[in-house]
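Down below is the structure, laid out as structure tokens.
The values are calculated or read from the model by the stated rules, or taken from the named source; none is laboratory data. This structure is a prediction, so every number in the text was calculated from the model and none was measured. Reconstructed Cβ throughout: ideal geometry from the backbone, glycine too, with neighbour counts over all protein chains shown. Ligands, DNA and RNA are excluded from the accessible area calculation, which covers all protein heavy atoms including side chains. Shrake-Rupley method; radii C 1.70, N 1.55, O 1.52, S 1.80 Å.
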Amino acid sequence: MIFGAILAGGSGTRMHISSMPKQFLPLDNKPIIIHTLEKMLMCSKIDVIYIGVNPAWLGHMSDILEKYELDYDKVIVVPGGKSRNDTIFNIIAEIEKTYGENDEHIIVTHDAVRPFVTLRILDENIENAITYGACDTVISAVDTIVVSQDAEQIDSIPDRAKMYQGQTPQTFKINLLKSLYKELKPSEKNILTDACKICVMKGAPVKLVKGNSSNIKITTISDYNIAKVIVGSDIVEAEEKEH
């Protein structure tokens, strides 16, 4: 089976314009997370969608689902964890309570605040995870990347042609992700920034899926303002045609 996993476990208010987590802010008269969920619901390959939500906001999330009359049979809300990966593994635990363990189970993990993911990206994530076991959505780096160890001077400038910016979804065979995570030392788990790093640290291949520059993560006021422009335009559709 194919499981969607929307990661909304954070309580970040980095934009300082609301006391609620940014995934609940309005975008074109709907919360950001509803836009994201609707995109996943449109993907016919996904059987069930889990939303990992900060425990303090579980009731709010349930109220939103009821308000927008979204498919309760296909959407399940679970408590998120203290970190991104904790939320993913909370969702996996809930999946396995209902559907058991299976080497063919796939989990499509996606940021709640990336509402402009496309069906093409979701489909390619699923296809590549089935074939390769793990994949990550990326776009080519546009700007030169500068590496500095002390934030005072340049140590190196990598070849930009080999540099990519990570997005989501990140998609995995569940049993593969679990087995690799179990192999990590506690010190390695403490430095994880995302789920794909679990694979990279253990030498497991991760297939690249071409993302979309409109698939932005809304974390700042600038991002929020850009999202307001995108939601009322044909930018995403135009970029998909270019691919």
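When you look at Asp103, is it in contact with a helix residue (DSSP H, G or I) (Cβ under 6 Å, 6 or more places away or on another chain), more than 24 Å from Ile218 (Cα to Cα) and not in a helix (DSSP H, G or I), yes or no?
On the way: in contact with a helix residue (DSSP H, G or I) (Cβ under 6 Å, 6 or more places away or on another chain): yes; more than 24 Å from Ile218 (Cα to Cα): yes; not in a helix (DSSP H, G or I): yes.
It is true that Asp103 is in contact with a helix residue (DSSP H, G or I) (Cβ under 6 Å, 6 or more places away or on another chain), more than 24 Å from Ile218 (Cα to Cα) and not in a helix (DSSP H, G or I).
Specify the residue that is nearest to the chain's Cα centre (by Cα); the eligible residues are those in the stretch 190-199 that are touching a residue at least 12 places away in the same chain (Cβ under 8 Å) and assigned to a helix (DSSP H, G or I).
Top of the filtered list is Cys196.
Would you say Arg114 is under 16 Å from Thr168 (Cβ atoms), modelled with pLDDT of 95 or more and open to solvent by 10 Å² or more (accessible area, probe 1.4 Å)?
Criteria met by Arg114.
Tell me which of these Glu38 doesn't satisfy, since it passes every other one: (1) assigned to a helix (DSSP H, G or I); (2) without any contact (Cβ under 8 Å) to a residue 40 or more places away in the chain; (3) farther than 25 Å from Tyr224 by Cβ; (4) under 18 Å from the mean Cα position of the chain (by Cα).
Glu38 satisfies every listed condition except (3).
With the condition kept exactly as written, say whether any residue in the stretch 174-189 is without any contact (Cβ under 8 Å) to a residue 60 or more places away in the chain, assigned to a loop (DSSP other than H, G, I, E, B) and under 20 Å from the mean Cα position of the chain (by Cα).
There is no residue in the stretch 174-189 that is without any contact (Cβ under 8 Å) to a residue 60 or more places away in the chain, assigned to a loop (DSSP other than H, G, I, E, B) and under 20 Å from the mean Cα position of the chain (by Cα).
Taking only the stretch 115-128 into account, find how many residues are over 21 Å from Ile51 (Cα atoms) and not in a helix (DSSP H, G or I).
Counting residues in the stretch 115-128 that are over 21 Å from Ile51 (Cα atoms) and not in a helix (DSSP H, G or I) gives 0.
Give the residues of the stretch 80-90 that are more than 16 Å from Ser179 (Cα to Cα) and either buried (at least 18 other Cβ atoms within 10 Å of the Cβ) or of a type in the set (Lys, Arg) (or both), sorted by residue number.
Across the stretch 80-90, the qualifying residues are Gly80, Gly81, Lys82, Arg84, Thr87.
Any chance the stretch 200-216 includes a residue that's within 25 Å of Ile130 (Cα to Cα), in a loop (DSSP other than H, G, I, E, B), open to solvent by 90 Å² or more (accessible area, probe 1.4 Å) and of a type in the set (S, T, N, Q)?
Checked against the condition, which is being within 25 Å of Ile130 (Cα to Cα), in a loop (DSSP other than H, G, I, E, B), open to solvent by 90 Å² or more (accessible area, probe 1.4 Å) and of a type in the set (S, T, N, Q), the stretch 200-216 yields no hits at all.
Could you tell me whether any residue of the stretch 169-180 is under 30 Å from Gly100 (Cβ atoms) and among the charged types (D, E, K, R)?
Yes - at least one qualifying residue is present in the stretch 169-180.
Residues of the stretch 217-234 being open to solvent by less than 80 Å² (accessible area, probe 1.4 Å), assigned to a loop (DSSP other than H, G, I, E, B) and under 16 Å from Asp28 (Cα atoms), which ones?
Residues satisfying the conditions are Ile218, Gly232, Ser233.
Identify all residues within the stretch 129-155 that are open to solvent by less than 50 Å² (accessible area, probe 1.4 Å), out of contact with any Gly (no Cβ under 8 Å at 6 or more places or on another chain) and in a strand (DSSP E or B); write none if there are none.
Scanning the stretch 129-155 gives Ala134, Cys135, Val147.
What is the number of the single condition among (1) free of Cβ contacts under 8 Å to residues at least 60 places away in the same chain; (2) touching a strand residue (DSSP E or B) at 6+ places or on another chain (Cβ under 9 Å); (3) surrounded by fewer than 17 Cβ atoms within 10 Å (Cβ to Cβ); (4) not hydroxyl-bearing (Ser, Thr, Tyr) that Gln167 does not meet?
The single condition Gln167 does not satisfy is (3).
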